[in-house]
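The block underneath contains the structure these notes are about, expressed in structure tokens.
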Amino acid sequence: MGTTWFNESKYAWLGLGSLWIIGFISALTRFIMAYFQVQISEDLGISRGFISMAWSTNLLIAALCAPLGGWLVDRYGPKKIMLASAIMSTVGTGTVVFGHDSMLFFIGYGVISGFVGIGSTTTYMLMFKWFQHHRAKATALLASASSVGLAISTPIFVSSSWLTWKDAFLASFILGIIVTLPVIWFGIKAAASPNKANSPDAELQPVTKETQPEAESPPIKRAALYVPIFIVVSLALFTCGFNMGTVEMNLVAIHQLANVSPSMIALSMSVLGVLEITGSLLFGYFLDRLNKLMMMSILYGIRVLGFAFLFLHVGWSPLLFAIAFGITYLSAIPGGLLIINEFAKGKGQHTGFLLLFHQGGGILGALIGGLSFDYFHNYQVLIGVDVAICLLMTLSYFFVYTSRKRRPLVQVASSSV
């Protein structure tokens with residue numbers, strides 16, 4: 001047996017560290033598209049609509065690739081798919097860096113980089129495979145990599161006016177070659193454990209009678225429970241994607257339309273970034289200890305309050321929304337996948353289809369934001385939809401939670417008759 005750290009194999013923590021580095025680097029492209037839209041538009045002579053089209057195409061291809069990637073993970077293992085995804089990312093950024101052309105920008109970022117989606121399931125599947133006692137916390141730590149990367153890259157590029165979007169893409173390209181690919185090839189392999197069950201390099205095997213817990217429910221009963229839970233989690237991830245599409249594409253515009261001062265916008269965005277990391281660790285801690293269905297109901301309930309504050313546009317709305325949404329920002333996806341993992345036992349195909357719902361929600365949220373503003377000249381309809389669907393998911397998770405609590409009592413009563 002290998003050495004354990006905090007009741008988990010040391011190889012699991014080493015693998016988590018490797019994946020965190022990869023996630024940290026990948027945050028750079030997220031920063032580029034959020035910060036340099038005006039400069040990209042001017043340098044390439046393209047409209048912001050063209051840039052949005054590239055962004056939407058990237059998300060669409062990534063969404064369609066998620067189920068395919070899940071199937072490939074089940075067939076070939078996560079490491080090979082991670083390498084393929086990283087290679088596509090490097091080729092995509094390289095096409096943008098050396099293309100110097102609007103069409104090559106679209107092909108590189110919008111099309112080629114979209115195929116990175118084949119690897120979207122791998123990190124979650126590895127987390128569920130490696131960790132037994134700290135799955136939620138490990139997943140939360142991994143999710144924080146993107147936020148930390150965004151928090152570090154933003155002041156570097158903002159304070160250095162001579163750095164451009166081309167420099168950012170070049171940095172992403174170089175880091176992909178000299179860091180990401182070697183970390184996947186050597187870091188994950190170096191973390192391999194003599195105990196295959198705990199090895200980050202181990203294949204994700206289906207559950208057998210030998211590995212199935214003794215208290216496992218009969219297959220028929222598990223299937224009856226699985227279908228409604230899968231539907232609820234799918235809709236919840238769609239809702240989460242819709243929320244993120246609303247925030248990432250429209251939040252600053254919403255504040256500006258409400259005449260929020262630049263200083264308050266800056267403060268709220270900083271609070272949002274800090275709470276992303278804090279919230280992911282907080283929810284990760286409780287997801288490992290409390291009922292996951294109840295925790296997800298609480299999470300979406302907090303989002304209802306956040307979007308309600310945003311809808312009202314009171315004086316402290318930006319800050320109150322940043323607190324409420326930030327604390328839930330990174331936990332909805334891992335929380336939903338952890339719930340499904342308890343029933344699907346780590347199947348990549350399930351994870352891929354669930355991430356497809358999330359990406360679809362993100363695309364729709366961004367598009368509805370623009371359309372609703374063009375028609376109503378405000379974002380109230382968009383925010384109202386966010387409130388409504390978050391409320392629906394709060395009640396849905398709570399209903400499934402209460403249904404599962406009542407089920408054992410019904411079974412005991414029927415068996416005594």
- Filtered residues of the stretch 91-109 (kept if within 13 Å of Leu44 (Cα to Cα), in a helix (DSSP H, G or I) and either touching a residue at least 12 places away in the same chain (Cβ under 8 Å) or in contact with a Pro (Cβ under 7 Å, 6 or more places away or on another chain) (or both)): Val96, Val97, Ser102, Phe105, Phe106
- Taking the residues in the stretch 350-373 that are over 20 Å from Phe307 (Cβ atoms) and not hydroxyl-bearing (Ser, Thr, Tyr) as candidates, determine which candidate is most open to solvent (accessible area, probe 1.4 Å). Phe353
- Item | helices (runs of 4 or more DSSP H) (entirely within the stretch 116-211) containing at least 2 residues that are among the charged types (D, E, K, R), at pLDDT below 80 and over 30 Å from Ile40 (Cα atoms) | 135-159
- Task: Please work out if Ala34 is assigned to a helix (DSSP H, G or I), among the small types (Gly, Ala, Ser), within 20 Å of the chain's Cα centre (by Cα) and modelled with pLDDT of 85 or more.
- Result: no
- Condition met for Leu310 (more than 13 Å from Ala332 (Cβ to Cβ), open to solvent by less than 30 Å² (accessible area, probe 1.4 Å) and modelled with pLDDT of 85 or more): yes
- Task: Please work out which residue is modelled with the lowest pLDDT, limiting yourself to the stretch 222-272 and to residues that are in contact with a Gly (Cβ under 6 Å, 6 or more places away or on another chain) and of a type outside the set (A, V, I, L, M, F, W, C).
- Result: Asn250
- Query: For the stretch 52-92, which residues satisfy the criterion of being in contact with a Leu (Cβ under 9 Å, 6 or more places away or on another chain), under 13 Å from Ala366 (Cβ atoms) and crowded, with 21+ Cβ neighbours inside 10 Å?
  - Reply: Ala63
- Note on the structure: Only one of (1) open to solvent by less than 30 Å² (accessible area, probe 1.4 Å); (2) within 21 Å of Ser147 (Cα to Cα) does not apply to Ala266, and that is (1)
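The values are calculated or read from the model by the stated rules, or taken from the named source; none is laboratory data. Everything quoted here is computed from the prediction, not taken from an experiment. So basically every Cβ, Gly included, is an ideal-geometry build from the backbone, and we count neighbours across all protein chains shown. To get the accessible areas, we keep the full protein, side chains included, count just its heavy atoms, and leave off ligands, DNA and RNA. Shrake-Rupley method; radii C 1.70, N 1.55, O 1.52, S 1.80 Å.
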